[in-house]
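Asker: Okay, here's the structure, questions in a sec.
Computed from the coordinates by the stated procedures, all read-outs in this text should not be read as laboratory data. Quick caveat, the model's predicted, so the values are computed rather than measured. Positions of Cβ are backbone-derived with ideal geometry, glycine not excepted, and every protein chain shown enters the neighbour counts.
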Amino acid sequence: MNTQEYIALEDRYGAHNYHPLDVVLTSGQGVWVYDIEGRRYLDCLSAYSALSQGHVHPRILQAMVDQASRLTLTSRAFRNDQLPLFYKELSDLTGYEKSLPMNSGGEAVETAIKLARKWAYQVKKIPRHQAEIIVASGNFHGRTTTIVSFSSEPLYRDDFGPFTPGFISVPYQNAAAIAAAITPNTAAVLLEPIQGEGGVIIPPAGYLQQVSAICQQHNVLFIADEIQTGLGRTGKLFACDHENVRPDMLIVGKALSGGFYPISAVLADSVLLDLFAAGEHGSTFGGSPLAAAIGRAALQVIVEEHLVENSLRMGEYFMDQLTEINSPNIKEVRGKGLLIGIELYPKAGGARRFCEALQTEGILAKETHQNVIRFAPPLIIDQATIDWAMPAIRRALTAP
């Protein structure tokens, strides 16, 4: 079968809830992927940062194969020998006392919301079912019915109501708006330290510190969604680390598995996570021995291969190279580490056509919010590969 035949099959039998580039991939290794006709591409999306360790990392693959040959799933009805080690290694790395593993990022966000509400009723003594959580406009935290209830993107929510109450939206990058929105019923503030899906929106320096201080002053939990920005993507272990901010809850996913398996988690100290009683929350696959073994290997690769440091170094280099492109199409280049957005002027005709042009040059990137191209290659990328890519990126972005 050729590319068009695969596309025709997908269009006929699959739901049309995505608009992918018309490339059919069949294998990958490191920063490279290959389509069914043998063409090679540089992956500059990393499955929205899930592949930070690169495609089919041999160490994570071996951990997966070894564990899959022994024991894949117990459910949480029984204990297994991988999960306690995963817990400890996650705590040792992040400094949080405990974690609660789930599968998808959306599930982890839902977990954090439930935990914040229980804390509100049990500890802060907010009247039952009156807790409010402050969120930011332009957010993307997932696609469940509760999460889209507080999205400001019409595409994500317009046809999916009625909506879950209890969320107050304020402008992103505006700490004063958060302070003004706090009431006696405010349980938490939930933010992305950088809005990835929103267009790689980076708040001004000091914003996260201000938000953290406001939350502490008003006895409100600060929850950071680092599903996309965490585990080295921005050149620090967590994006909040750029401002030395330690949220009360931190949500991780994507790179927690190196792209092999859906793994997410909520990190917090015992005073919060011990509020969950047996039976109140759970997941059949969350914390499975297979997930735990893969997660352990994924974390070890990040640390032992110095991917956080490489992200900072290569991110600065890549940003410098992109900033030097002289193109009337480019409005702004912004980013931290290897999470970079190129915003185009509206008159450029949208980011999609530039992503299609990049595809013909052997580079896979993806548009977000119509006028932004996101570059987020695996954190293992080196300078020689960036140098290989830059002439093609320049050609694509300077095209009329």
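Asker: For the chain, what does the helix formula give at 222 nm: sum of -39500 (n - 2.57) over DSSP H segments with n ≥ 4, over the residue count, nearest 500 deg cm²/dmol? Walk me through the intermediate numbers first.
Answerer: On the way: 14 runs with 143 residues, N = 400.
Rounded to the nearest 500, the figure is -10500 deg cm²/dmol.
Asker: Strictly over 20 Å apart at the Cα level, which of 88/118; 236/336; 88/124; 114/336; 124/254 would you flag in this model?
Answerer: Working: 88/118 25 Å; 236/336 9 Å; 88/124 29 Å; 114/336 31 Å; 124/254 32 Å.
Pairs exceeding 20 Å: 88/118; 88/124; 114/336; 124/254.
Asker: Can you give the extra length, in nm with one decimal, that the chain gains between residue 68 and residue 17 once fully stretched, where that is 0.36 nm per residue apart less the Cα-Cα distance? Write down the numbers at each step before the final one.
Answerer: Details: separation 51, 0.36 × 51 = 18.36 nm, distance 3.14 nm.
Gain on stretching residue 68 to residue 17: 15.2 nm.
Asker: Report the longest stretch of the chain that contains none of the chymotrypsin sites (Phe, Trp or Tyr not before Pro) sitting in a DSSP loop with at most 12 other Cβ atoms within 10 Å. Walk me through the intermediate numbers first.
Answerer: Numbers: sites that count: 18, 78.
Free of exposed loop sites, the longest segment is 79-400.
Asker: Also: Using Cα-Cα distances under 8 Å and only pairs 6 or more residues apart, what relative contact order does the chain have, in percent?
Answerer: On the way: 780 pairs, mean separation 91.6, N = 400.
So the answer I get is 23 percent.
Asker: From the backbone phi of segment 186-192, what are the Karplus-calculated ³J(HN,Hα) couplings (6.51 cos²θ - 1.76 cosθ + 1.60, θ = phi - 60°) in whole Hz, Gly and Pro given as x?
Answerer: The phi angles translate into 6, 9, 7, 10, 10, 9, 8 Hz.
Asker: Moving on to the next point. On a C-alpha basis, how far is the centre of segment 36-66 from the centre of segment 69-104 in Å? Whole number, if you could?
Answerer: First find each Cα centre; the distance between them is then 23 Å.
Asker: I'd like the distance between the alpha-carbon centres of segment 252-278 and segment 358-400, rounded to an integer number of Å.
Answerer: 32
Asker: Let me know the shape class of segment 130-273, please: from the alpha-carbon gyration tensor, a ≥ b ≥ c as square roots of the eigenvalues, rounded when a/c is under 1.5, otherwise prolate if a/b is greater than b/c, or oblate. Spell out each step's value before the answer.
Answerer: Details: a/c = 1.39, a/b = 1.06, b/c = 1.30.
Rounded, because the longest to shortest axis ratio a/c is under 1.5.
Asker: Let me ask something else. Using alpha-carbon pairs under 8 Å, 6+ residues apart, how would you state the relative contact order of segment 161-218 in percent? Kindly include the intermediate steps, with their values, before the conclusion.
Answerer: Values: 27 pairs, mean separation 20.0, N = 58.
Contact order relative to length: 35 percent.
Asker: Lys/Arg Cβ at +1, Asp/Glu Cβ at -1, dipole of segment 58-304 taken about the Cα centre: which of 275, 65, 194 is farthest positive-ward?
Answerer: 275
Asker: I would also like to ask the following. Nearest 20 debye, what's the magnitude of the dipole of the chain about its Cα centre given +1 on Lys and Arg Cβ and -1 on Asp and Glu Cβ? If you can, show how the numbers build up before the last one.
Answerer: Numbers: 33 positive and 41 negative charges, 135 e Å.
In debye, rounded to 20, the chain gives about 640.
Asker: So what's the net charge close to residue 20: Lys and Arg +1, Asp and Glu -1, counting the other residues with Cβ under 12 Å from its Cβ? Write out the running numbers ahead of the final one.
Answerer: Numbers: positive: 352, 366; negative: 10, 11, 22, 356, 367.
Around residue 20, the surrounding residues sum to -3.
Asker: Using 0.36 nm times the number of residues separating residue 163 and residue 277, minus their current alpha carbon distance, what extension gain do you get?
Answerer: Values: separation 114, 0.36 × 114 = 41.04 nm, distance 2.73 nm.
Length gained, residue 163 through residue 277: 38.3 nm.
Asker: Please turn the phi angles of segment 52-60 into ³J(HN,Hα) values with the Karplus equation 6.51 cos²θ - 1.76 cosθ + 1.60 (θ = phi - 60°), one per residue in order, whole Hz, x for glycine and proline.
Answerer: Result, ordered by residue: 4, 7, x, 6, 6, 4, x, 6, 5 Hz.
Asker: Next question. Output ³J(HN,Hα) for segment 221-237: one whole-Hz value per residue in order, computed from phi by the Karplus curve 6.51 cos²θ - 1.76 cosθ + 1.60 with θ = phi - 60°, and x for Gly and Pro.
Answerer: Working through the residues one at a time gives 6, 9, 10, 10, 8, 10, 4, 9, 8, x, 6, x, 4, 9, x, 10, 4 Hz.
Asker: Give the cross-link partners of residue 347 among the lysines, using a straight C-alpha distance below 21 Å as the criterion and excluding same-chain residues fewer than 8 apart.
Answerer: 331, 366
Asker: Still on this structure, please answer the following. Considering segment 148-216, what Rg and Dmax in Å follow from its alpha-carbon atoms?
Answerer: 13.2, 37
Asker: How compact is the chain by the rule of thumb for globular proteins, expressed as Cα Rg over 2.2 N^0.38 Å? Please report the intermediate quantities before stating the final value.
Answerer: Details: Rg = 21.1 Å, N = 400, 2.2 N^0.38 = 21.4 Å.
For the chain, the normalised Cα radius of gyration is 0.99.
Asker: So if I take the centroid of the Cα atoms in segment 109-129 and the same for segment 2-27, what is the distance between those two points in Å?
Answerer: Cα centres, segment 109-129 to segment 2-27: 42 Å.
Asker: Tell me which GluC sites (Glu not before Pro) from segment 305-391 have a DSSP coil assignment and no more than 10 other beta carbons within 10 Å of their own. Walk me through the numbers before you get to the answer.
Answerer: Working: sites: 305, 309, 316, 324, 332, 343, 356, 361, 367; in loops: 305, 324, 361.
Of the GluC sites (Glu not before Pro), the ones in loops of segment 305-391 whose Cβ has at most 10 other Cβ atoms within 10 Å are 324.
Asker: When ranked by the protection proxy of mean other Cβ atoms within 10 Å per residue, highest first, what sequence do the peptides 269-275, 142-148, 49-55 form? Intermediate results must be reported in sequence, preceding the final value.
Answerer: On the way: 269-275: 15.1, 142-148: 18.1, 49-55: 26.1.
Put in order of decreasing packing, that is 49-55, 142-148, 269-275.
Asker: Further, regarding this structure: Amide H to amide H, which residues 5 or more places from residue 264 or on other chains are under 5 Å from it, using H placed in the peptide plane?
Answerer: Close amide H contacts, sequence-distant or interchain: 102, 103.
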